[in-house]
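> To start, I am sharing the structure in question, which I have written as structure tokens.
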Amino acid sequence: MPYKLNKIVFQRDNVKNYETHTHPMDIEIDFPFVAGKLQELVPIEHQYGKQSNLELSTTPLFNESGLTKLIPEIGPKGIYYLELRPGYKLKQLIVEPDDVVVDIYIAAEERLIYSFYNPTRKNNIIITAASEKDKDNIHTKLKSDLSDIIMRKYFIKCAMIDTENFFSNLPAHKEVLKEKSILTAEEAAKYLRTSKKNVQNLASQGKIRKVKGGKYRLEDLDSYLNGTPKKKK
């Protein structure tokens, strides 16, 4: 099925840094139904165009706990590719808006590529994710049968979080939680998708700032997810 495609943003995690490739375009494209390589995901005629852009960052894409929050500006009918470091997979994944189409492919060096196609009118999508070593050997299993769409959807489903159920045991609805500026330790743990004890350990190490009453600022949690934790004063 052809997709209308206006823009491709591709980010590759290189452990200590990451690179961002941007490819503006206005075409219809048949996305591969196999776990293809980058050459099949970005049309060759658009990989080295005059408007294509490459940016290098000196900071990691994921923080030391394997967490990240990404807000790629791909625009309506744009696609975002996230290529993980070798031997890693996404353990947990939250994508907003819900209409974003998620898929998974393979690349060289045992890398996995997650794709996010935006069929909505929003300019940005929001990806909150946790990565870990690929103990399930997803890359090897996908490579064994590149045409197995069911297997790809299964691995995506394993990582995707049902946000309604995820936040159902909190006293506040997820939208209320996201609008709060101060969170309790329990809410901070849910926001970071970790345990309350780990949140407290991060605070004691100065990686997350704790405020009066043992609570946490939402902006400090976002800074930690983005790899720029705020130290204690």
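> Under 7 Å between Cβ atoms, which residue pairs at least 6 apart in sequence (or on different chains) link something in segment 189-202 that is among the β-branched types (Val, Ile, Thr) and at pLDDT 75 or above with a partner that is assigned to a helix (DSSP H, G or I) and surrounded by fewer than 21 Cβ atoms within 10 Å (Cβ to Cβ)?
So the pair list comes out as Val199/Ala185; Val199/Ala189.
> Filter segment 114-132 for residues that are assigned to a strand (DSSP E or B) and either out of contact with any Phe, Trp or Tyr (no Cβ under 6 Å at 6 or more places or on another chain) or surrounded by 21 or more Cβ atoms within 10 Å (Cβ to Cβ) (or both) and give the result. Let's see the steps before the verdict.
Of segment 114-132, the ones assigned to a strand (DSSP E or B) are 114-118, 124, 126-132.
Scanning segment 114-132 gives Tyr114, Phe116, Tyr117, Asn118, Asn124, Ile126, Ile127, Thr128, Ala129, Ala130, Ser131, Glu132.
The values are calculated or read from the model by the stated rules, or taken from the named source; none is laboratory data. This one's a predicted model, so the numbers in the text were calculated from it and none came from an experiment. For neighbour counting, all protein chains shown are included, and Cβ atoms are generated from backbone atoms with ideal geometry for every residue, glycine included.
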